[in-house]
Amino acid sequence: MNKSDIADVLNEIATLLELKGENPFKIRAYQNGARKLETLESDLADLVAEGRLKEVAGFGDALAQKITELHETGGLEFFEKLKASVEPGLVSMLEIPGLGAKKIKALHKELGLKSIEELKEACESGSVASLKGFGKKTAEKILSGIENREAYGKRHLWWDARAVAEPVLEGLKALPEVVEASHAGSFRRKRETVGDLDFIVASETPKPIMEWFVNQDDVKEVTAHGETKSSVRFESGLQADLRVVPPAQFAFALHHFTGSKDHNVAMRQRALAKGLSLSEWGLKPVEDEDFSNSKIAKSEADIFSCLGLEYVPPELREGMGEIEIAENGGIPKLLRGDSIRGSFHNHTTASDGRCSLEEMTEAAETLGWEYWGTADHSKASFQANGLDDARVLEQIKSIEALNDSGRFSTHVFAGIECDILGDGTLDLADETLMALDYVVASVHISMTQGESEMTKRLIRAIEHPATTMLGHLTGRILLRREGYKLDVAKVVDAAIANGVIIEINANPRRLDMDWRFWRQAADKGLLTSINPDAHRAEHFKFVSAGVNTARKGWLSEKHVFNTLSLAEVKQAFARRRPGLDRLK
DNA sequence: GCCGTTTTCGGCCCGACTGTTTTCAGTCG
């Protein structure tokens, strides 16, 4: 089992323990262990083989043993026994908002309920409302939770959440009572998917702000409406929380609710080492009872500075060692969206794109891009009207003609998204591939190969002399499809050795290669290109989602190929292997 | 279950909000 499979098991164990009424701190230890595993940068196989799991903070004897057993055998006896001891229907009841372990236990014990169906009947018959500790409102809330379970439980793409979040933030900022406003949480950290939205507002008069928030047009349900905190649910099922704090507390609250949890833990530990206590209320001497002597922070940068740290951008606050690095002044100057000067991997009507070569070029020019490049599908992607050798050569001619015509100030590069066939060979003739400016090699077929076969296949494609970059490394579709299994480290090493770029596919559903791999890969010398995989001109704007991924992966301008000028890109393509130039 | 310059036991964040309660328990973040 790999890291994320094992993390899933640890989280399931935590859920089961919760339903059994176990010690909450034990439960937290399992959840903490799962998070640690997900963000672990070292190779799990190495840690297990060398017996070094316990060196990771958060893994003790028990977790180290369980992780080892899961990794080596793919199963865990403890987990199987635990599962058998809990009614499975109770686990799914946890998805209903307002129902926690204690209430579920009571429902099971007092009314013998074993499934959501039985729970629904019991709510309707009135037996839930008459249970001690429950009431009419609770029963109604449970019923509505059951009906909307699917929409309420699901996560949302960052990109989709942004469409909801931006107007809310603008609305808040426009209110006269609002001094300052920001989003927070995983949305602000630019995670690829988010569970809910958080807004933090500075104001001395929260009431009218709360009123505005809960009365927005597309609010479907108000789940909390207090003096300083409110929660609403939008039509899409997305939940949003608003907290209003006095202006002096704003930076502290913003930092606290931006998280991540692990980042906050590390920050609090650092504060304690300096005799200070950090929370959403302020930064005060540990011995003080209240926050009247709290340090003053006009911005988050002041908080970091009080703790002797460089400012850490929200994207890097994942508890992956950023505090130690900030202490030594090592936080990089992260890539900015305005450094992008063009993009590769885009489709036109020649394959499955919706816009013509000219329409795409016009859009690129409007964006102020110096260049863009086509990468239509190759013939193996028959369903996408992929190009054969003859059509590729024809397209090269049209592109040359368009560039020569001087109609647009934006230069067009001729590329291809060439299929990597099952055995790792490429889908077009070598002469055709070498006639192009660049080649994006991608997997679209035979995606069910095993890990070692897929790894060999990708490395073979990387080693092809025509390959310039690798498209969407794992083929994942966020919230819908897992990527195919492969040994990322081996593929990354092969790409570096061959001077091949690995793209950040900036389609908000892909964001592949994942940000979690980038810091280490870029340190070793891997170059990326942020590619929108545009199938119509509007998709060029996906690049900003790819910039998020790059920033979360600690990348700066020098790591990103499409921050180069037109002249530099031309030079690199002339030598075929952009990454090799960089290694010199 | 984890952790340790109060180190092998006893802490581990805690406050806002809701609903059911007459003073608080459960959920959530």
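The values are calculated or read from the model by the stated rules, or taken from the named source; none is laboratory data. Here the structure is a predicted model, which means the values were calculated and not measured. Virtual Cβ from ideal backbone geometry, glycine too; neighbours counted across all protein chains shown.
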| message | It is to be established whether one or more residues within the stretch A:522-530 are in a helix (DSSP H, G or I), at pLDDT 95 or above and crowded, with 21+ Cβ neighbours inside 10 Å. | response | yes
| said: Suppose we keep only residues that are surrounded by 13 or more Cβ atoms within 10 Å (Cβ to Cβ) and over 29 Å from the mean Cα position of the chain (by Cα) within the stretch A:210-227. Which one would you say is nearest to DNA strand B (Cβ to nearest atom)? | reply: A:225
| request: Report, ordered by the first and then the second residue, all pairs with beta carbons closer than 6 Å, sequence separation of six or more or different chains, a first member in the stretch A:18-37 that is assigned to a helix (DSSP H, G or I), and a second member that is polar (S, T, N, Q). | output: A:34/A:11
| query | For the stretch A:531-541, which residues satisfy the criterion of being surrounded by 24 or more Cβ atoms within 10 Å (Cβ to Cβ) and either among the hydrophobic types (A, V, I, L, M, F, W, C) or more than 17 Å from residue A:564 (Cα to Cα) (or both)? | reply | A:533, A:534
| request: Of the numbered conditions (1) more than 9 Å from DNA strand B (Cβ to nearest atom); (2) under 30 Å from the mean Cα position of the chain (by Cα); (3) surrounded by 13 or more Cβ atoms within 10 Å (Cβ to Cβ); (4) under 18 Å from residue A:169 (Cα atoms), residue A:270 fails exactly one; give the number of that condition. | output: (4)
| task | Tell me which of these residue A:30 doesn't satisfy, since it passes every other one: (1) more than 8 Å from DNA strand B (Cβ to nearest atom); (2) crowded, with 19+ Cβ neighbours inside 10 Å; (3) under 29 Å from residue A:102 (Cα atoms). | result | (1)
| said: Just to confirm my filter: which strands (runs of 3 or more DSSP E) fall fully inside the stretch A:398-512 and include at least 2 residues that are within 28 Å of residue A:361 (Cβ to Cβ) and among the hydroxyl-bearing types (Ser, Thr, Tyr)? | reply: A:438-442
| query | Out of the stretch A:74-113, which residues are under 31 Å from the mean Cα position of the chain (by Cα), more than 18 Å from residue A:22 (Cα to Cα), surrounded by 13 or more Cβ atoms within 10 Å (Cβ to Cβ) and more than 14 Å from DNA strand B (Cβ to nearest atom)? | reply | A:89
| query | Exactly one of (1) closer than 20 Å to residue A:505 by Cβ; (2) buried (at least 19 other Cβ atoms within 10 Å of the Cβ) is unmet by residue A:411. Its number? | reply | (1)
| task | Note down all Cβ pairs under 6 Å where the first residue falls in the stretch A:207-222 and is over 18 Å from residue A:166 (Cα atoms), the second is part of a helix (DSSP H, G or I) and within 15 Å of DNA strand B (Cβ to nearest atom), and they're at least six residues apart or on different chains. | result | A:222/A:214
| field | Among the candidates A:425, A:474, residue that is on the phi < 0 side of the Ramachandran plot, among the hydroxyl-bearing types (Ser, Thr, Tyr) and surrounded by fewer than 17 Cβ atoms within 10 Å (Cβ to Cβ) | value | A:425
| remark: Within the stretch A:38-59, residues being free of Cβ contacts under 8 Å to residues at least 24 places away in the same chain, near DNA strand B (Cβ under 9 Å from one of its atoms) and assigned to a loop (DSSP other than H, G, I, E, B) number 2
| Among residues of the stretch A:119-136, those that are within 6 Å of DNA strand B (Cβ to nearest atom), modelled with pLDDT of 90 or more and charged (D, E, K, R), counted | 1
| Does any residue in the stretch A:114-139 that is more than 17 Å from residue A:94 (Cα to Cα) and not assigned by TED's automatic domain parsing to the domain that holds residue A:19 come within less than 7 Å, Cβ to Cβ, of a residue that is modelled with pLDDT of 90 or more and more than 14 Å from DNA strand B (Cβ to nearest atom) six or more places away or on a different chain, and which pairs are these? | A:127/A:111; A:131/A:111
